[in-house]
Structure formats: structure tokens, C-alpha cells
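A.B. asks: There's a structure below that I have some questions on.
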Amino acid sequence: MSHPDLSIEHHGAVAVVRLNRPAKRNALNDGLILALREAFQSLPETTGAAVVDGAGEHFCAGLDLSEIRERDAGQGMRHSRMWHDALNALQFGPVPVVAALHGAVVGGGLELAAACHVRVADASTFYALPEGSRGIFVGGGGSVRIPRLMGVARMTDMMLTGRVYDAAEGERAGLAQYLVPEGTAFDKALALATRIAQNAPLTNYALMHALPRIAEQPADQGYLTEALMSAIVQSAPEAKERVRAFLEGRAGKVAKN
Ligand code: 1HE
């Protein structure tokens with residue numbers, strides 16, 4: 001299902017999924033959310049990682065507010081669940097996803113960013129949760145994912161007071177793992193995704209699917225899940241070959257870059 005406001009390009013093994021609705025600051029209407037879900041459910045098998053970007057000066061202005069006016073409670077519930085399906089398709093999809101953040105990362109835009117595995121923010125980035133002042137609530141999984149990045153207290157403050165975090169504050173608070181000069185978020189995100197795509201696919205799978213679940217388990221169960229995952233990943237022929245390559249001096253050492 002192609003959508004005029006969502007472009008998908010392939011840079012080698014990296015799929016670049018770009019919100020392409022800059023006139024509306026990449027606000028997410030229902031069609032765009034469904035297209036995002038479809039995009040992550042139908043990536044070609046040759047894809048090893050993905051980048052999510054937004055065309056224009058802003059990553060994403062969140063929910064398209066023009067669509068909220070007529071919804072009753074039942075429709076609101078289904079709408080929120082539709083966002084959950086789409087962002088779960090991204091977070092628990094086939095490949096790790098790197099977000100290239102710039103300008104506004106607000107409301108549902110921050111919920112989208114939070115579903116990605118790595119966030120790169122350029123210096124123009126700012127984060128807000130204007131739901132609080134618009135009389136609504138997060139509905140795209142933000143109440144689950146954002147506190148895991150920055151803590152409940154910081155998210156509560158953002159929503160109660162309308163506080164806006166700038167790029168540096170956001171990085172310090174845990175909203176992004178990388179802070180880069182203005183205009184360079186996409187290049188950095190693509191470089192990271194290219195690097196990620198070179199990992200053994202089973203390792204990437206374990207990181208995406210097991211790590212967040214282990215973090216939710218009691219320690220005793222977490223250790224068992226870890227042991228199972230570790231055994232499965234290291235038994236793959238690719239793991240054996242990568243370890244042999246290091247022992248024979250054919251693979252790179254760990255180095256600070
Ligand atoms: C929009 C939206 C939108 C812009 N829905 N149309 N999100 C918000 O509350 C954020 C609302 N947006 C803004 O605060 C600003 O637009 C920005 C800070 C993001 C960018 O400012 P600026 O000056 O670059 O652009 P603009 O002039 O405000 O907007 C340009 C156009 O985009 C304008 O339409 P136009 O027809 O007059 O040109 C805006 O109306 C339109 N636009 N943002 C609809 N969000 C799963 S639940 C999630 C809940 C939420 O996400 S709530 C947070 C919603």
C-alpha cells in the first residue's frame with residue numbers, strides 16, 4: 001500500500017522511511033499511520049536496518065489535529081489501538097530502526113521517535129508533549145515508552161507544564177542517544193543504520209525482541225530468557241564464523257571512534 005505522504009527508499013541494506021508531508025509539519029493522519037504500519041510489515045527480506053526521517057524542517061508535529069474533532073469514545077479507543085499496532089510493527093518488526101530527529105518532535109512525533117531503537121537528534125530538535133494543553137492524552141504508546149526513556153517524573157512535568165526540551169536537554173534526559181550538529185541527523189542515522197545492518201541478524205533480533213522483554217521480567221526469569229537467547233544466537237553458523245575471524249586476526253578490535 002503506497003501512500004503519497006510516505007516515501008521508502010533503499011540505500012543498500014538500509015530502508016529509509018520518510019514522512020513526506022512538510023506543509024503540515026509531517027502531522028500523522030490515519031492514512032499515514034496505516035502506511036507506516038504497512039511499511040514495516042512489508043520490508044524486503046534484504047533489509048538489515050531502517051531509518052525514519054521527516055521531510056522539511058520538522059521531524060513530526062504529532063497527531064493530525066484536524067482529524068480529532070468528530071471522534072467519540074469508542075472511535076478514540078480504536079484510533080489509539082491503531083497507533084499501537086503501527087508503532088509496535090516498527091518496534092517489534094524485522095529490523096532495528098534509527099530515527100533522524102530535527103525540529104519539532106512533539107506529541108505523536110515523540111511517540112513515533114520513542115518506538116525507534118536509536119534516536120539521533122540534530123541541534124534544531126525540540127521535544128514537547130502538547131497533549132496536556134490541548135485537553136487530550138498521549139495515545140500512541142507514549143505513556144509506556146517515554147517514561148522508559150526519561151522517567152515518569154520528567155514526562156509528567158512535560159505534560160503538566162508544557163515544558164519544551166531543547167536538543168541538548170533532550171539528549172541529557174535520555175530522549176536521544178546521539179546529539180549532532182544541525183542538518184546532520186540523517187547522515188548520522190544512515191551511517192549508524194548501515195553499521196547495524198552488518199551485525200548478525202540473530203543478534204539484532206535478540207536486541208529488539210528479547211532485551212525490552214527481559215527488562216520487564218523479574219531478574220530470575222530474565223536470567224533464564226537471557227540464557228536461552230544467548231544459546232540460540234551463539235549456535236548460529238554466523239556467530240561461529242565471526243568469533244573465528246577475530247581469533248585469527250581477521251576481524252576488527254574494539255576501538256573508540
Ligand atoms: C498541523 C499540525 C498538527 C502543524 N495537526 N495540522 N501536535 C501539536 O499540538 C503540535 C502543533 N503544531 C505546532 O505547534 C507547530 O505547527 C510546529 C511547532 C510543529 C511547527 O510550527 P511552524 O510555525 O513551522 O508551522 P505552522 O505554521 O504552525 O504549521 C504549518 C501548517 O501545518 C499549518 O497548516 P496551514 O494549512 O495553516 O498551513 C498547521 O495548521 C499545520 N499543522 N501541526 C494538524 N499536529 C496518538 S495521540 C498523539 C497526540 C498528539 O500528537 S497531540 C500533539 C499534536
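A.B. asks: Tell me, F59, F246, F126 in order of fewest to most beta-carbon neighbours within 10 Å?
C.D. replies: The fewest-first ordering by Cβ neighbours comes to F246, F126, F59.
A.B. asks: Another question about this same structure. Where does helix 219-234 land angle-wise versus the long Cα axis of the chain, in degrees 0 to 90, nearest 10?
C.D. replies: That helix lies at roughly 60 degrees to the long axis.
A.B. asks: Another question, if that's okay. Please give the contour-minus-distance gain from H209 to A123: 0.36 nm per residue of separation, less the Cα-Cα distance, rounded to one decimal in nm.
C.D. replies: 27.9 nm
A.B. asks: I want to check the label-to-label distance for N20 and T46. Put each point 7 Å from Cα in the C-beta direction and report it in nm to one decimal.
C.D. replies: Here the answer is 2.0 nm between the modelled labels.
A.B. asks: Let me ask something else. Based on DSSP H runs of at least 4 residues, each adding -39500 (n - 2.57), what is the mean residue ellipticity at 222 nm of the chain after dividing by all its residues, to the nearest 500 deg cm²/dmol?
C.D. replies: -13500 deg cm²/dmol
A.B. asks: 7 Å from Cα along Cα→Cβ at both H10 and A251: what's the point-to-point distance in nm?
C.D. replies: The answer from the label model is 2.7 nm.
A.B. asks: So in the chain, what percent of DSSP beta bridges are antiparallel if you round to the nearest 5?
C.D. replies: Of all bridge pairs located within the chain, approximately 30 percent are antiparallel.
A.B. asks: Could you state the angle between the C-alpha long axis of helix 152-161 and the longest principal axis of the C-alpha atoms of the chain, as a value from 0 to 90 degrees rounded to the nearest 10?
C.D. replies: The angle comes out near 20 degrees.
A.B. asks: Within a Cβ distance under 15 Å of F137, other residues only, what is the Lys/Arg minus Asp/Glu net charge?
C.D. replies: +2
A.B. asks: A further question on this structure: Taking a quarter of the surface of the convex hull around the Cα atoms of the chain, what do you get in nm²?
C.D. replies: The orientation-averaged projected area of the Cα hull of the chain comes to 15.2 nm².
A.B. asks: When the chain is fully extended, how far beyond the present Cα-Cα distance does R244 get from N199, taking 0.36 nm per residue of separation?
C.D. replies: Separation in residues times 0.36 nm, less the Cα-Cα distance, equals 14.7 nm.
A.B. asks: Ok, one more. Using Cβ counts within 10 Å as a stand-in for footprinting exposure, how do D157, D5 rank, fewest first?
C.D. replies: Lowest to highest Cβ neighbour count: D157, D5.
A.B. asks: Here's another thing I want to ask about it. Helix 73-91 against the longest principal axis of the chain: what's the angle in degrees, Cα atoms only, rounded to the nearest 10?
C.D. replies: 30 degrees
A.B. asks: Mind sorting L63, L149, L192 by how few other Cβ atoms lie within 10 Å of their own Cβ, fewest first?
C.D. replies: By the 10 Å Cβ count, ascending, the order reads L149, L192, L63.
A.B. asks: At a Cα cut-off below 21 Å, give the lysines reachable from K240, other chains included and same-chain residues fewer than 8 away excluded.
C.D. replies: Within reach: K253.
A.B. asks: If you don't mind, another one. Let me spell out the model: positive unit charges on the Cβ of Lys and Arg, negative unit charges on the Cβ of Asp and Glu, origin at the Cα centre of the chain. What dipole size does that give, in debye rounded to 20?
C.D. replies: Result for the chain is approximately 420 debye, rounded to the nearest 20.
A.B. asks: Another question about this same structure. If you average the alpha carbon positions of region 143-194 and of region 53-89, how far apart do those two centres end up, in angstrom?
C.D. replies: What the calculation gives is 19 Å, centre to centre.
Bear in mind these aren't lab numbers, they're just calculated from the coordinates by the rules spelled out. What you see is a predicted model, and the numbers here were worked out from it, not measured in a lab. FYI the Cβ positions are ideal-geometry reconstructions off the backbone, even for glycines, and counts take in every protein chain you see.
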